[in-house]
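To start, the structure itself, in structure tokens.
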Amino acid sequence: MANRSPIAQVFPKSKTVTIPVTMGGAPNKPLVAVGDEVARGQRIADGDGFMNCPVHSSVSGKVKKIQSCLVTGNTEAQCIVIEADDGGRESLLPALNPFECTKDEALARVREAGIAGMGGASFPAHVKLNPPADKKIDYVLVNAAECEPYLTCDERTMLETPEKVIDGTAIVMHIINGGKGGGARAVIVLEDNKEYLLPALEKEIDKGGFTGRISVCLVRTKYPQGAEKFIVSAATGREIPSAKLPADAGCVISNVGTVCAISDAFRLGLPLVDRTLTISGGAVDKPVNVRVPIGTVVSDLMGDVFALKSDENDRAVKIISGGPMMGFAMASADFPVAKGTSGVTFLTQRETFLDEEAQCISCGRCVAKCAMRLSPVLIVRELKAGNIEKAKGFGLMDCIECGCCAFVCPAKVGLIQRIRLGKGIVRQMMAEQKAKSQGR
């Protein structure tokens, strides 16, 4: 619905941003206080752990509040509220040639820029690009599938700035190879409904002198093709083992937005302070792709940037942070755009299901449609009964939360919600066991 809409740079009408203190990685702490003047690109939150990913101010202005606010997932998190001014102050990093610095210097730059995965998981990029020494990486995969319905921001990014996509891909490949030639090669994995982008990408590959080292792989247009297990399988023929990571299959995967942010961090010295996303759905009058300062509250864009339909049959009945399959349903549009926010979807009654779930009748449709070949019905039964270990045995932790099972369930059972809760319980148990073993 929005793939013909060029990316527009927009600004919240209130001139205020609400920036979560932590957006991927270990919990951060604020580095500023209420009343402080900040510059665009200034580091405002960080931690001293390996897994910490710093956060930067996306505007020039003054810190008005530091408080808990609604964020994606319908939870509350500590946020720094900044009111922008007209000062135009910037605090950028010095430009750095990615092909002349050491690997350690390159990884430090990625961390300094606060780059986290922009496909949704928000995993710290400096950690992902530094896999353990015993993991031999053969492929750098750029996830350009964008298989989630409605979302088109990656497609527009590749169309409008293919040179940045290729530059960022080359930088990632160079980092993975330790600053040396050979080793891993890069593959941009593109769904075949976006085949028209192939000439532009190949032109930039040739112009940069990366022919033979960077290639584009066309894969079938299907959901959930963009999940990392399927990207690896489709592009390399390899399989990520159960409970393992792409590195265990010799792959490192980055999103289109992530490689572009890495290019900006080196070439412009720009931290991750802006986010491109799609605002779409049947309830949106004119779906758009926009680039906004991170921390922009979605409702702050209504009216000026996009409008919702007023007709009774087309009004919004569900707001989703992300796409309709893997996104999080939100209570309102009063939540901020974060590093991992790829879109906001406003669905009509025809596009969603709001009634109470009915009784499971063991029809098996969820089993037949599970992309991971699991048995969602059995996992959820064990979770309901409190049998966490049995749920794990049926593949609880292997579920990729694609939502196919819930989509086809005739009883509309909240399978994914229950599986997400079950995973949370398992992770909490693991954390408690680790703390106990360390004598905490």
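The values are calculated or read from the model by the stated rules, or taken from the named source; none is laboratory data. All figures in this text were calculated on a predicted structure; none of them were measured in a lab. Every residue, glycine as well, gets a Cβ built from its backbone with ideal geometry; the counts of neighbours run over all protein chains shown. With ligands, DNA and RNA removed, areas are computed over all heavy atoms of the protein, side chains included. Shrake-Rupley method; radii C 1.70, N 1.55, O 1.52, S 1.80 Å.
Tabulated data
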| quantity | calculated |
| --- | --- |
| Val426-Leu218 pseudo-label distance in nm [points 7 Å out on the Cα-to-Cβ vector] | 3.8 |
| Cα-Cα pairs of segment 252-329 separated by more than 21 Å (percent) | 40 |
| Dimensionless Rg ratio for segment 94-219, taking C-alpha atoms and the 2.2 N^0.38 Å reference | 1.05 |
| FRET efficiency, 1/(1 + (r/R0)^6) with R0 45 Å, evaluated for Leu354 and Ser14 via beta carbons | 0.90 |
| Debye intensity ratio in log₁₀ form over the Cα atoms of segment 306-440, taken at each q of 0.09, 0.13, 0.20 Å⁻¹ | -0.35, -0.68, -1.19 |
| Under the Debye formula (equal points on every Cα, no solvent term), log10 I(q)/I(0) of segment 188-252 at q = 0.21, 0.27 Å⁻¹ | -0.90, -1.11 |
| Mean accessible surface per residue for the chain, computed with a 1.4 Å probe while every protein chain stays in place, in Å² | 46 |
| Positive-end residue of Ile419, Gly119, Gly403, charge dipole of the chain with Cβ unit charges | Ile419 |
| Solvent-accessible area, 1.4 Å probe, carbon plus sulfur percent, for the chain | 51 |
| Selected from Pro293, Gly282, Ile262, residue furthest toward positive end of dipole (segment 228-327; charges at beta carbon) | Ile262 |
| Stretch gain in nm, segment Arg373-Lys207, where the contour uses 0.36 nm per residue and the Cα spacing is subtracted | 55.5 nm |
| Total charge dipole magnitude, segment 67-155, about the Cα centre, Cβ charges on Lys, Arg, Asp, Glu only, Debye to nearest 20 | 460 |
| The chain: antiparallel DSSP beta bridges as a percent of all, rounded to 5 | 60 |
| Protection-proxy order for peptides 422-429, 400-407, 387-394, 271-278, each taking the mean of Cβ atoms within 10 Å per residue, highest first | 271-278, 400-407, 387-394, 422-429 |
| Stretch gain in nm, segment Asn74-Asp86, where the contour uses 0.36 nm per residue and the Cα spacing is subtracted | 1.1 nm |
| More than 13 angstrom apart: percent of Cα pairs within segment 346-395 | 66 |
| For peptides 164-177, 193-206, sequence by mean Cβ density within 10 Å, most packed first | 164-177, 193-206 |
| Distance histogram for segment 6-75 (every C-alpha pair counted, 10 angstrom bins, percent rounded to whole numbers) | 19, 46, 30, 5 |
| Whole-number D in µm² s⁻¹ for segment 274-380, Kirkwood Cα-pair radius fed into Stokes-Einstein, 20 °C, 1.002 mPa s | 138 |
| FRET efficiency, Asp104 to Cys363 (Cβ-Cβ, R0 51 Å, nearest 0.05) | 0.40 |
| DSSP-defined antiparallel bridges as percent of all bridges, segment 63-208, nearest 5 | 60 |
| Value of relative contact order over segment 175-321, rounded to a whole percent, pairs C-alpha under 8 Å and six or more apart | 12 |
| Cα→Cβ-extended label distance, 7 Å offset, between Ser332 and Ala95, nm | 4.5 |
| Rg over Rh [alpha-carbon atoms, Kirkwood Rh] for the chain | 0.95 |
| Computed [θ] at 222 nm, helices only, for the chain once each DSSP H run of length n ≥ 4 contributes -39500 (n - 2.57) | -7500 deg cm²/dmol |
| R0 of 35 Å, Cβ-Cβ distance Asn313-Tyr196: FRET efficiency to nearest 0.05 | 0.55 |
| Equivalent ellipsoid dimensions for segment 204-343 as semi-axes, Å, which come from the Cα gyration tensor, largest first | 33, 21, 15 |
| Charged-residue dipole, Cβ positions (Lys, Arg, Asp, Glu), the chain about Cα centre, Debye nearest 20 | 1140 |
| Cα gyration tensor, segment 51-116 - rounded (a/c under 1.5), prolate or oblate | oblate |
| Where the Cα pairs of segment 2-130 fall when distances are cut into 10 Å bins, in % | 12, 36, 36, 15, 1 |
| Highest-first arrangement of 209-220, 123-134, where packing means the average Cβ count within 10 Å | 123-134, 209-220 |
| Farthest positive-ward along segment 1-137 dipole, Cα basis, beta-carbon charges - from Pro27, Pro12, Gly88 | Pro12 |
| Entries in Lys13/Lys229; Lys135/Lys392; Lys369/Lys436; Lys392/Lys436; Lys29/Lys62; Lys15/Lys339 that, when Cα-Cα distance is taken, lie over 29 Å | Lys13/Lys229; Lys369/Lys436 |
| Average Cα contact separation per residue, the chain, under 8 Å, 6 or more apart, as relative contact order % | 18 |
